[in-house]
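Colleague: A single structure is presented below for examination.
Values quoted throughout were computed directly from the atomic coordinates according to the rules given, and no laboratory measurement underlies them. Remember, predicted model here, so these are calculated numbers, not experimental data. Using ideal geometry, Cβ is built from the backbone for each residue, glycine included, and neighbour counts are taken over all protein chains shown.
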Amino acid sequence: SCSGKMLLRTDLQYHTDSLLEDANGKQPERKSYNPWGLHCHRQHLNRMSSKHNENKLQQFLLLENVVSKYSYPCILDLKMGTRQHGDDASEEKKARHIKKCEQSTSASLGVRICGMQVYQVDTGHFLCKDKYYGRKLSPEGFRQALRQFLCNGNQLRTDLLEPIILRLKALLSVIRKQSSYRFYSSSLLIIYDGQEHKESADHHLPFAKSHGTNPSRVDVRMIDFAHTTFKGSKSNPNPTAYDGPDHGYIFGLENLIKILQNLSEGK
């Protein structure tokens, strides 16, 4: 935890000019590069130091910070599929999740926004939206929010559209080939750097084009697999319950690709 605290101090000193803007456009006081991430990190460090004996062996799950290489990480968190509850959900939880899906774009589009932060170059602030904002969106509102995610405050980042669409199509091709996987309650992260790079190549990103550079540093990641199940899974009470690909997930991917293609065509 000492190295973690040193890292936080370094991060706080290095990033001093970025601010967050809430959903209403209000600007809080000057904070570090990612105030919420820093707050959560500090909470974890404090909890670890207060609850765990330093001489006792502990086990932890190591997570990757997928935006660690980005100067101004713009992130879209999309809850995928038409069903969100896992097989282990209680009847009460199942009913609650079904209602959320029915009242949001999860039912109509197979995808809904769970969170978003996008850097606005005109103000130097991040615009942030949460899951409650995403639940209230109509299909047209979802399209407008997707456009807002790709807008830097001055213009639509049209350079992002092709690399994002290519990655989503590659993912769709893989999902269509899965015979029994169900990715209930999982999310899809779409990430890019709010600071435009004239010349930059990153060949380590998934689905990257081998014949050119990736100046937008776009990344697409599937995350949150706690309720994912498949035929033969120990967590699946009915091993024959699912056959074929996850059509709810595919429905969401297809609509997402279609909306982005319309944006690319100026629609």
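Colleague: Using the per-residue mean of other Cβ atoms lying within 10 Å as a proxy for protection, in what order, highest first, do the peptides 117-129, 72-84 fall? If you can, show how the numbers build up before the last one.
Modeller: Details: 117-129: 18.2, 72-84: 23.2.
Top of the packing list down: 72-84, 117-129.
Colleague: Determine the sum of side-chain charges near residue 260: Lys and Arg each +1, Asp and Glu each -1, restricted to other residues whose C-beta is under 14 angstrom from that of residue 260. Can you show the working numbers first?
Modeller: Working: positive: 143, 147, 157, 167, 169, 258, 267; negative: 159, 162, 254, 265.
In short, +3.
Colleague: Which of the pairs 99/129; 56/94; 51/100 have their Cα atoms more than 31 Å apart in this structure?
Modeller: In this structure, 56/94; 51/100 exceed 31 Å between Cα atoms.
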